[in-house]
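The values are calculated or read from the model by the stated rules, or taken from the named source; none is laboratory data. Please read all numbers here as calculations on a predicted model, not as lab measurements. FYI the Cβ positions are ideal-geometry reconstructions off the backbone, even for glycines, and counts take in every protein chain you see.
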Amino acid sequence: MSTAGPAGSIRRAVWRLRWVFLFAILAALPYMLSYSQQEIAVLLVINVLLVCSYRLLTLTGEWSLGHVVIMGVGAYASALLAKQFGIPVPLSMLLGGCMAAAIAALLSFPLFRMKGFYFLIGSFAAGEIIRLIWKRFTDPFGGPKGLKRIDPFPDIETGFLSIDFYEPVNYYFLSLVVVSVSLFILYRIERSRIGLTFHAIHWQDRLAESVGVDTFRYRTLAFVIASFFAGIAGGLYAHYVGAVNPTRFSVDQMVYVLVWAVVGGTTTFHGPILGVVVLTVINEIVLRALGLDTARPLIYGAILILSVLYLPHGLESLGPRLRTRWQLWRSGSAAGGRELA
Amino acid sequence: MNPSGERPILEARGLTRRFGGLVAVNNFSFSVHEGAIHGLIGPNGAGKTTTFNVISGFYAPTAGQVLFRGLDISGRKTSALAAMGLVRTFQGSTLFQEFSVLDNVRVGRHLGARAGFIGRLIGTDRLSERAADAKAMETLDFFGLQELAGEPVSNLPHGHQRMLGMAVALAAEPRVLLLDEPFTGMNPEETRRMMALVRRIRDRGVTIILVEHDMQAVMNLCDIITVMNFGALLVEGAPEMVRNDPAVIEAYLGSTDGAGHAS
Ligand SMILES: Nc1ncnc2c1ncn2[C@@H]1O[C@H](COP(=O)(O)OP(=O)(O)O)[C@@H](O)[C@H]1O
Ligand SMILES: [Mg+2]
């Protein structure tokens with residue numbers, strides 16, 4: 001294959017332009033969608049941050065069942081800070097992320113005494129306790145009904161520019177900016193020595209510890225960072241939908257996050273993004289068109305089983321596999337051509 | 001037996017470790033002097049690995065103390081001990097199997113490559129990382145593994161994996177290095193090379209404690225040997241003395257599988 005020559009340099013230029021293409025598509029996307037599809041696109045962007053932050057935690061090898069509740073901590077905190085203390089919404093979202101991070105830091109003391117299955121169960125229990133607190137204390141959490149009439153993201157009004165974030169298109173772009181910045185930070189963390197250390201703890205925590213890695217501290221760090229960004233996702237959600245309640249952050253929702261991550265694959269950064277995008281498209285477009293959207297849990301379960309059976313390395317493994325097929329096919333036909341000549 | 005006067009760099013005092021009813025290490029004391037290659041031997045199940053695990057902080061002692069340069073370190077975290085200069089290797093190939101050879105040693109540079117969180121995010125850790133990479137390559141060079149730097153560990157033959165395990169530990173710049181059966185599974189040629197390397201590590205000023213079943217290697221390499229049996233001290237002395245000690249011969253012959261292959 002020629003990487004020199006005109007074809008190669010064009011391909012390289014295209015490769016360099018991929019971000020421009022990607023953002024062009026993302027920018028054009030809402031204008032191709034109906035109003036209700038735009039609303040779904042907003043939630044999809046928020047869910048991308050949720051599942052990508054979840055992946056950061058899984059780098060250390062621990063799978064939590066409390067990540068959606070942690071998102072809820074960010075949502076409740078941001079909503080309450082705005083409602084009760086009149087803190088401006090962008091700031092309250094940031095503080096909501098900090099609150100989620102702080103709760104994670106506290107929880108890491110009991111939780112990181114456990115590993116594997118016990119951590120999974122422990123994180124579920126911790127999440128249920130938090131949800132119980134929301135349900136039990138009507139003041140300030142609103143009990144089982146939760147919080148309503150949460151302050152929206154403030155409109156931007158300047159001389160030339162007026163943006164009303166009640167419009168899904170505008171909230172879509174706001175979320176896109178926040179999520180892109182967050183993903184960039186998550187990516188940088190993974191590519192740095194911190195990410196190397198997370199992976200090292202996953203594969204051989206005793207060896208990591210023996211050369212000086214404080215595995216408890218690094219597990220906590222992964223949990224705190226993941227929770228911060230889950231909290232930001234929660235804030236974005238709360239001020240968009242305008243209402244939160246304990247059921248919204250129940251373990252059913254966590255199962256969706258797990259399915260996105262498993263179906264997409266967690267080896268690469270883009271795996272979980274593929275998972276959440278593909279499954280959302282299937283769910284919202286295909287199933288809705290067929291009138292099957294009430295069967296969502298069933299269909300998600302079936303997709304999970306099918307993907308574990310037939311695509312154990314996730315959607316992320318599909319691209320490289322197709323590429324090798326293609327290259328084999330091309331070199332095969334090239335060899336065949338030479339034989340003929 | 002001990003060169004008098006100077007304080008031992010590492011000392012176990014009355015060390016005991018129980019697992020339920022089983023006493024794996026029983027009131028065991030020994031001291032290691034700076035710059036020594038100190039052998040720790042004994043039949044299968046004598047408690048050598050458990051002693052390493054207690055010294056290196058993986059298990060807390062049930063009773064007794066571990067002193068490192070005069071300081072009581074019993075029950076401290078393994079990572080804190082590594083920061084003080086006490087680093088151990090593992091029996092078998094304990095490596096980051098999914099990493100490249102170089103990345104394994106880069107993790108070994110964890111303590112040397114300090115940088116803040118923000119620095120890592122915005123990339124101002126580049127200098128310290130470059131220094132860490134250079135140091136990692138230097139360590140690979142020392143073990144003759146530099147050509148394999150980019151290889152995934154799983155492609156390495158067993159002997160090279162054992163060497164890499166030692167390279168990871170050495171990258172952490174230990175003052176005391178605890179080697180758990182470094183020659184197991186190596187062919188005679190590899191063992192000879194490895195012995196030469198262990199001597200060179202000692203000559204760099206690293207004190208070495210060695211658990212090993214290859215008796216010839218132990219006798220050749222060690223300045224002093226401590227023999228354990230049933231978790232307790234049996235004999236301690238120079239290699240020639242230990243070799244001919246009737247109690248040691250008795251202990252090895254008495255154990256069902258002898259000295260040849262125990263773990
Ligand atoms: N984690 C553990 N739990 C229970 N028993 C253990 C544990 N580790 C070691 N032992 C027991 O302690 C004894 C000493 O083992 P070990 O220190 O591995 O011996 P060596 O390394 O000298 O062969 C053995 O009887 C072993 O079964
Ligand atoms: Mg052993």
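Restricting attention to the stretch A:109-146, the residues that are among the aromatic types (F, W, Y), farther than 20 Å from A:A243 by Cα and in a helix (DSSP H, G or I) total 5. Checked against the criteria, B:M219 does not count as away from ligand 2 (no atom under 16 Å from the Cβ), part of a loop (DSSP other than H, G, I, E, B) and without any contact (Cβ under 8 Å) to a residue 40 or more places away in the chain. Restricting the stretch B:229-246 to residues that are over 11 Å from B:H38 (Cα atoms) and either within 14 Å of another protein chain (Cβ to nearest Cβ) or of a type in the set (D, E, K, R) (or both) leaves a set whose member that is farthest from ligand 2 (Cβ to nearest atom) is B:E240. From A:L207, A:L176, grab the single residue that is in the same structural domain as A:L59 (by TED's automatic domain parsing), under 30 Å from B:L95 (Cα atoms) and not small (G, A, S). Residue meeting the stated conditions: A:L207. Does B:T124 satisfy the criteria of being farther than 22 Å from A:D205 by Cβ and either surrounded by 24 or more Cβ atoms within 10 Å (Cβ to Cβ) or at pLDDT below 90 (or both)? So B:T124 fits the description; yes. A count restricted to the stretch A:271-303 and to residues that are in contact (Cβ under 8 Å) with a residue 40 or more places away in the chain and crowded, with 17+ Cβ neighbours inside 10 Å stands at 11. For the stretch A:131-148, the condition holds for at least one residue, the condition being that it is surrounded by 13 or more Cβ atoms within 10 Å (Cβ to Cβ), closer than 26 Å to A:F223 by Cα and of a type in the set (A, V, I, L, M, F, W, C).
Residues that are of a type in the set (A, V, I, L, M), farther than 19 Å from A:T138 by Cβ and surrounded by fewer than 24 Cβ atoms within 10 Å (Cβ to Cβ) within the stretch A:227-256 comprise A:V241, A:V251, A:M254, A:V255, listed in sequence order. The criterion of at least 2 residues that are more than 9 Å from every other protein chain (Cβ to nearest Cβ) is met by the following strands (runs of 3 or more DSSP E) wholly inside the stretch B:27-99: B:37-41, B:63-68.
Condition (residue is outside any strand (DSSP E or B), within 16 Å of ligand 1 (Cβ to nearest atom) and touching a residue at least 60 places away in the same chain (Cβ under 8 Å)) applied to the stretch B:187-205: is it met by at least one residue? Scanning the stretch B:187-205 turns up no residue that is outside any strand (DSSP E or B), within 16 Å of ligand 1 (Cβ to nearest atom) and touching a residue at least 60 places away in the same chain (Cβ under 8 Å).
Within the stretch B:80-108, the set of residues being touching a His at 6+ places or on another chain (Cβ under 9 Å) and within 28 Å of B:S29 (Cβ to Cβ) comprises B:A82 only. Only one entry of B:T226, B:T184 meets the criterion of being of a type in the set (V, I, T), surrounded by fewer than 21 Cβ atoms within 10 Å (Cβ to Cβ), away from chain A (no Cβ under 14 Å) and within 16 Å of ligand 1 (Cβ to nearest atom), and that entry is B:T184.
Which residue, of B:T94, B:T89, is in contact (Cβ under 8 Å) with a residue 12 or more places away in the chain, within 16 Å of ligand 1 (Cβ to nearest atom), among the polar types (S, T, N, Q) and in contact with a strand residue (DSSP E or B) (Cβ under 7 Å, 6 or more places away or on another chain)? The conditions single out B:T89. The set of residues from the stretch B:51-74 being touching a Pro at 6+ places or on another chain (Cβ under 7 Å) and more than 15 Å from ligand 1 (Cβ to nearest atom) comprises just one member, B:S74.
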